[in-house]
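Scroll down for the structure; my scribbles are underneath it.
The values are calculated or read from the model by the stated rules, or taken from the named source; none is laboratory data. Computed from a prediction, not measured in an experiment: that's the story for all the values here. So basically every Cβ, Gly included, is an ideal-geometry build from the backbone, and we count neighbours across all protein chains shown. Only protein heavy atoms, including side chains, enter the accessible area calculation; ligands, DNA and RNA are left aside. Shrake-Rupley method; radii C 1.70, N 1.55, O 1.52, S 1.80 Å.
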Amino acid sequence: MKVKTKFALVTAGILFLFALLFLVANTAFILHETLLVRRYELRIVARRIDEIFNSADKTTIGKKRALVLEGVKFAAKKGNLKFAAFNLKGDPLVFSDDYQEEVLRERNYPTKLGSSKNTEQWKSWNKWDTDIYYTGEYCYVKLNDTQNIEIEDDIILFFLVSLPVIAVLAVIGGGLLGAAATRQIGRVEKAAAEIAGGNLAYRVPTSSSNDEMAVMERDLNRMFAELESSFSRIMEFSSDLAHELRTPLTVMTGELEVALRETRSEEEYQRVLAKTMEEVAFLRRLVDDMLILVKPNLAYAKENFETIDLSELLSASIDALDLLADSKGVKTHSRIPKEMKIHGNPSLVRMLLYNLLHNSIKYSGENGEVEISLTGDSDTTTLSIKDNGPGIPEEERLNVFKRFYRMKIAKDNGSSGTGLGLAIVKKVCEVHEAEITLESSDEGSTFTVVFKLH
Ligand code: ADP
């Protein structure tokens with residue numbers, strides 16, 4: 001069964017019940033009021049009968065009631081006339097205050113007209129030509145109650161007519177409400193189908209209302225926007241990657257094809273293998289760097305957070321790059337106070353140090369000078385790496401942190417690199433909530449990283 005139908009049925013049921021309750025309560029109230037009035041009227045009649053029986057003017061009662069009057073006289077003498085008034089069905093309607101059903105029953109008087117088994121006269125009650133009968137102790141008065149019966153009939157008719165009308169109205173109301181509520185579900189359903197079909201730019205049309213559905217629609221739209229941007233980031237990353245892979249693969253294919261075309265000298269084979277090896281090494285570095293870029297998210301990295309002795313880690317990284325610096329003729333000067341601590345992920349921080357140091361050595365060139373310092377106060381620890389390389393022009397300073405971005409000068413002077421180093425540095429800073437700044441001029445560049453001590 002469709003949600004719309006279910007909703008409509010439930011709503012119709014609830015509406016029907018409410019309408020029925022209202023109807024019953026209303027009818028009960030009207031009935032109660034009517035019967036109260038009727039009862040009051042009957043009491044007046046009963047009082048009137050009482051007056052007649054107690055009246056000195058006995059002629060008004062008529063001949064047929066002579067017997068009754070005898071009894072009435074007797075009763076009146078005693079000063080209390082006991083009476084009960086019955087409707088045409090024989091149910092007692094009003095009675096004098098001392099009417100006692102048990103007493104009547106004990107004495108074999110009818111408590112209800114027609115209920116006495118051994119008193120013949122009661123059996124023909126409805127045939128009486130008088131509406132008053134006196135037993136010698138009790139005076140029985142028959143009152144016409146047809147008006148009440150008519151009211152009951154009217155109520156039954158009213159119920160019979162109004163129940164189907166209410167049912168039809170409830171179904172229509174339920175249907176309308178169901179359609180209104182499920183219209184919103186339909187919009188979400190369409191959006192889900194569009195997104196699943198690849199239309200990532202589709203959004204659920206939202207209203208300004210603040211009900212749960214509208215809030216959910218806005219949340220869904222936020223989720224769709226997030227999905228779209230993640231998807232486009234993945235697409236961009238994949239196409240960048242394919243582009244970066246193409247160059248080394250083309251170089252390798254070219255070299256190998258030329259080498260295979262005819263028999264070459266041993267030196268030539270050596271050269272081709274060395275070139276291929278170089279490209280394979282580049283591909284490996286590319287894959288390693290990519291894994292680092294893709295993997296760390298805040299949750300993953302924070303799981304592995306610990307107190308790091310940054311002084312020690314920095315000194316070790318500089319030592320590890322000593323050989324490279326020597327081979328490039330670059331001198332490193334460091335001012336590293338002991339035991340400067342930060343809180344972070346050691347392998348990611350090592351990666352950050354390596355990339356910044358490696359770049360400063362790589363790009364400062366022959367006779368380069370690199371100054372490394374660590375300073376700190378009670379709130380922060382600051383790492384600064386300054387080189388005297390060619391510098392990074394202002395318009396490139398944001399670009400160099402992008403994935404696969406390499407400045408033209410770096411490509412031209414043949415320095416190796418994947419263009420992922422500074423993107424990794426930026427990512428590590430984000431994970432550590434550290435701030436990275438770059439100052440640069442044609443006299444060199446300074447990268448500064450400020451770690452907060454939480
Ligand atoms: P890679 O070094 O592999 O090319 P990076 O992401 O580390 O990639 O750096 C991006 C670009 O930024 C480099 O290609 C280079 O042009 C420039 N760059 C990075 N560090 C320096 C530096 N210290 N001095 C000059 N240019 C730099």
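Things worth noting here:
- The share of Cα pairs per 10 Å bin across the stretch 220-373, counted from zero up to the longest distance, runs 9, 22, 27, 25, 13, 4, 0 percent.
- Loop trypsin sites (Lys or Arg not before Pro), the stretch 297-391 (other Cβ atoms within 10 Å of the site Cβ: 11 or fewer; DSSP): 338
- Element breakdown for the stretch 231-294 at a 1.4 angstrom probe: carbon and sulfur atoms account for 62% of the accessible area.
- Environment charge of residue 396, counting only residues whose C-beta is closer than 12 Å and scoring Lys/Arg +1, Asp/Glu -1: +2
- Cα gyration tensor shape of the stretch 231-294, rounded if a/c is under 1.5, else prolate or oblate by comparing a/b with b/c: oblate
- The Cβ shell under 13 Å around residue 230 holds other residues with a net charge of -1, Lys and Arg each +1, Asp and Glu each -1.
- Taking every DSSP bridge with both residues inside the stretch 317-416, close to 60 percent are antiparallel.
- 3J(HN,Hα) from dihedral phi, the stretch 22-29, Karplus parametrisation 6.51/-1.76/1.60, rounded to Hz, x for glycine, proline: 4, 5, 5, 4, 5, 5, 4, 5
- Counted by Cβ distance under 12 Å from residue 373, the other residues give a net charge of +1, where Lys and Arg count +1 and Asp and Glu count -1.
- Cross-link pairs 302/338; 275/411; 331/408; 362/426; 362/402; 338/362 - those with Cα-Cα distance over 21 Å: 302/338; 331/408; 338/362
- Of all accessible heavy-atom area on the stretch 300-452, the percent that carbon and sulfur account for (1.4 Å): 48 percent
- GluC sites (Glu not before Pro) within the stretch 222-276, DSSP loop, no more than 10 other Cβ atoms inside 10 Å: 262
- Here's how it looks for residue 391: its modeled amide H is under 5 Å from those of 444, 445, which are all 5 or more places away or on a different chain.
- With the gyration tensor restricted to C-alpha atoms of the stretch 332-446, the semi-axes of the equivalent ellipsoid amount to 24, 17, 12 Å, longest first.
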